Structures are given as C-alpha cells and as structure tokens.
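Step one of this worksheet: look at the structure below.
The values are calculated or read from the model by the stated rules, or taken from the named source; none is laboratory data. Keep in mind that this is a model prediction, so the values were computed, not measured. Every residue, glycine among them, receives a Cβ derived from its backbone with ideal geometry; neighbour counts consider all protein chains shown. Quick note on the areas: whole protein, heavy atoms, side chains included, nothing else; ligands and nucleic acids left out. Shrake-Rupley method; radii C 1.70, N 1.55, O 1.52, S 1.80 Å.
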Amino acid sequence: MILVINCGSSSLKYELFTLSDECSVANGIAERVGVNGGTEAVLKHRCGGSSRETRTPMPDHAVALRQVLDALVGCECRALDSLDQIRAIGHRVVHGGERFSESVVIDDEVIAAIEAMCELAPLHNPANLVGIRACQQLLPRVPQVAVFDTAFHQTMPVHAYLYGLPYELYEKHGIRRYGFHGTSHRYVSGIASDMLLERGLPREEQKIVTCHLGNGCSMAAVKGGKCVDTTMGLTPLEGLLMGTRCGDLDPAVPLYLMDQLKMTNKQVDTIMNKESGLLGVSGVSNDMRDIQRTKAENPRSQAALDIFCYRVRKYIGAYAAAMGGVNAVVFTAGIGENDPPLVAQVMDGLEFLGLYLDPVRNAQPKPNSIGWDLATDDSPGRIYIIPTDEERTIARDAKQLVAAL
Ligand code: ADP
C-alpha cells in the first residue's frame, strides 16, 4: 500500500492506494489540528463507500497521523491489516524552489533543502515538513517521497520565469516565477498528450494549454511535454482570478493601499489573498456555483464571472502565441470539471485559434471516464475535460522511486 499525505497548517489530508494498481482504498482529512490546543479537531474518514466522523483531541500533526493510522487499521472495512503493509509514503510539498525539478526520496539533505525553502512558502513548507517528521516518527522504516507543486514548471525558460526586477533580487533571494499546481498540470497534460497521440499527433509536436480551475486557479503552457509558462509566480497570487485571490494586479496597487489608505502589509495581504477574487468582486461568495446562481440578479456576480472567464481566455491566447499554436485546451479541477456554461463562455470567440466547442458535447452529462473531448469532430484543436488526480500521481511517483531503491 502507498499512503499519500498532504499536510496543511491545521489539517492533514490522506489517501491510501494499493501498490499493484494504484487503486484508492481509503481517504480522509483531519481538520483543526492544533487549533485551540487541538480540542476541536475532527477526523473524517472514508473507506469502502462508508464514511465516519470522529471528534478527538489532536494537539499536533503527530497525534493526527496516529489517529489516521488507527482509522486505517481499525475501520470496519479494514483498509489495512497492519501498518507493515505501508511500503511507501508520498508527500505533497508545495515549494521545491530551483533545487527540485522532479520528485525525490526524502533524506536528511532533502529535508534541509525543503526547510531552506520555507522563506519562499512560509505557510506551506513548514506544514509539509511537520507531516514528513510525523511519518518519520511513527513509521521510521517506511521510505518517504516528496512531490513538489513547483517541480513541473522548472522547465520554464528564463524569459518566462524572470521578473523585470533587479537581477540581484533573483540571484540573492530567489525572487522569480515558480508556478504551482504542477502535479495537476503534469497529470492532465499527460492524459491530453495520450489523447492527441491517439489522434496521430506525435508528442514532441504537441502544444497543450492546461486550465486548473478550483479554489486556486492556474494555467500552464505545455510544449512537447515540457512546461514553458504558467500563470502563478513567486507565490500562488499571480495570474487568474481565484476564489478569494485577486490574481494579476498592477504592482503599485498594494503600495497605494499602504501609502494612501494607510493599510498595514498584513491588511493588504489579507485583502489580496482572502478577500478578493470571486468573493471580493461579487460580494456574494468564493464558490463559482453561487456566482452562477446569483449572476442574473447581482451585476457584481456577473462581473466576477466575466473577469474570471476573460482572464482564462486571455491566457489561452497568450500561450498560443508563446507556443506558436495550440492543439488542445484542457479544463480540470472543481470549476473546470463541472461548469459547462463557464467552459462555453471561456471558449466563445477562440474559433480563430482552431478551437471549436461542440455545445451538445459540452452540455451532456459526463459518464465516468479519464477524460472527455468537447470539440466538434472537424475542429482542428481539441477541448478536453480531464478530472485531475494529484493524489494518484503522488502515489505513482512514490511507487516508482521506492521500487528503484
Ligand atoms: P481545490 O482547489 O481546493 O482542490 P476544487 O478543485 O475542489 O478545489 O474546486 C473547488 C471549487 O470548484 C469550488 O469552490 C467551486 O467554486 C467549484 N465547483 C465545484 N462544483 C462546481 C459546479 N458544479 N459548478 C461550478 N463550480 C463548481
């Protein structure tokens, strides 16, 4: 079995996969870990079609992991007979900086490197490290693998990753564009690549734009299997409009807020990360379903939706220019997989790029599949929906790296 762990500052998400065919056996989340001493913590565990919620104190992530392991061994469907069945652990790690362009087996040196990257991801990397250390403590003999959100984007050329700032800021402080959601972009662009290959287009000629539209949103331009650009930057704040993040912004805006409106940097940070995006523009919600539901009566919801779609469309155009064309656009994550009217709004007007959406295919219910093609039969470019699967991708990386040990 392979255990996948995604540790946040107060949460621990997990999923257990079989080693042979990477089938998901159980998953869940421990929430409010360490909040108010962990007294309000809850473990939501799903296994074999049933789910269970347990309220139990979890003062830290080691205790949370203990609860998770107990649930995996102790639940009615017995996801595990014993902890010895866990052969590998895969961790989602947010920031791998320039050091990691692929997944790695974790050792002391890798831990030190992840620690050194905490400056670049002060909210995420420390939490990921806590998860790694909790696993080392409770499962000391099981090899662990780190899978980085930034790794897939490390193939970006200099002109895509450098900001127009003094070069020393890059050299001395690592200030450049890194990009995130790399595991998702890698997975869905890989499936899209298989689909294009089936249609006779060799991998090295493929130009794919992937749109990961969930709570956080980002896009990537993938040419011949390599990422050449992505919308997120030094942090996940750059690029598209998101649930609560503003995305692209004149860099003078935060200065204006601080100088003219006398806000503190903490207040500006909160505005840009937590109070902007769909929520900030609409005044209604950060959830696209609420935006769609209220757009007819609330012009601000309509505006939020229009900004959202306009930016995605704009970046598709930009990436077509960056790659010299586009053979497929891929939609994925919560919004990308579930909102046909939004896909139609984004694609409306992109026929000049050879991308023709079939409105019937777009509106049809989607039976379980690895991906769907929504383009018309004679459309030169394809429009795919491909459900993302970051956890399974992490499990596969862990399996591969541990098999080679
Ligand atoms: P995360 O980025 O946290 O992994 P998801 O990929 O699950 O998030 O995406 C969550 C978002 O997906 C929700 O906030 C909501 O806006 C959107 N979403 C989910 N289902 C639908 C739907 N049927 N229609 C439109 N948007 C949806």
Give region 356-369 a look and list any residue that's away from the ligand (no atom under 16 Å from the Cβ) and in contact with a helix residue (DSSP H, G or I) (Cβ under 6 Å, 6 or more places away or on another chain), or say none. Leu357
Name the pairs whose Cβ atoms lie under 7 Å apart, with the first residue in region 196-213 and touching a residue at least 24 places away in the same chain (Cβ under 8 Å) and farther than 22 Å from Met232 by Cα, the second open to solvent by 10 Å² or more (accessible area, probe 1.4 Å) and in a helix (DSSP H, G or I), and 6 or more positions between them or separate chains? Gln206/Ser193
Residue among Pro166, Pro143 that alone is at pLDDT 95 or above and in contact with a helix residue (DSSP H, G or I) (Cβ under 7 Å, 6 or more places away or on another chain): Pro143
Assess whether Met195 counts as being within 16 Å of the ligand (Cβ to nearest atom) and either crowded, with 24+ Cβ neighbours inside 10 Å or assigned to a helix (DSSP H, G or I) (or both). no
Going through region 24-56 one residue at a time, which ones are β-branched (Val, Ile, Thr) and in a strand (DSSP E or B)? Val25, Ile29, Val42, Thr54
Among Leu139, Leu169, Leu123, Leu162, which is touching a residue at least 40 places away in the same chain (Cβ under 8 Å) and surrounded by fewer than 17 Cβ atoms within 10 Å (Cβ to Cβ)? Leu123
Open to solvent by 40 Å² or more (accessible area, probe 1.4 Å), assigned to a loop (DSSP other than H, G, I, E, B), over 26 Å from Glu198 (Cβ atoms) and more than 16 Å from the ligand (Cβ to nearest atom): does that describe Leu401? no
Under 6 Å between Cβ atoms, at least 6 apart or on separate chains: pull out the pairs that start in region 278-290 with a residue that is under 9 Å from Arg300 (Cα atoms) and among the acidic types (Asp, Glu) and end on any residue that is within 10 Å of the ligand (Cβ to nearest atom) and modelled with pLDDT under 95. none
Considering (1) surrounded by fewer than 23 Cβ atoms within 10 Å (Cβ to Cβ); (2) at pLDDT 95 or above; (3) part of a loop (DSSP other than H, G, I, E, B), say which one Arg392 fails and leave the rest. (3)
For a quick check of your reading of the model, give me the residue pairs whose first member lies in region 291-320 and is without any contact (Cβ under 8 Å) to a residue 60 or more places away in the chain, whose second is within 16 Å of the ligand (Cβ to nearest atom) and of a type in the set (Lys, Arg), with beta-carbon atoms closer than 7 Å and at least 6 apart or on different chains. Ser301/Lys295; Gln302/Lys295; Leu305/Lys295
Where residues in region 234-251 are within 15 Å of the ligand (Cβ to nearest atom) and either under 24 Å from Ala321 (Cα atoms) or open to solvent by less than 10 Å² (accessible area, probe 1.4 Å) (or both), which of them is nearest to the chain's Cα centre (by Cα)? Pro236
Search region 214-233 for residues being within 16 Å of the ligand (Cβ to nearest atom) and in a loop (DSSP other than H, G, I, E, B), and hand back the single one that is most open to solvent (accessible area, probe 1.4 Å). Asn215
Being within 14 Å of the ligand (Cβ to nearest atom) and under 18 Å from Leu279 (Cα atoms) is the filter here, so list the residues in region 305-331 that pass it. Leu305, Phe308, Cys309, Val312
Suppose we filter Tyr178, Tyr170, Tyr187 for residues that are aromatic (Phe, Trp, Tyr) and more than 17 Å from the chain's Cα centre (by Cα); which single one remains? Tyr170
Tally of residues being near the ligand (Cβ under 6 Å from one of its atoms) and in a helix (DSSP H, G or I) across region 332-347: 4
Can you pull out every residue in region 123-167 that is in a loop (DSSP other than H, G, I, E, B) and among the charged types (D, E, K, R)? Arg141, Asp149
Among the residues of region 35-48, which ones are closer than 14 Å to Glu15 by Cα and in contact (Cβ under 8 Å) with a residue 24 or more places away in the chain? Leu43, His45, Cys47, Gly48
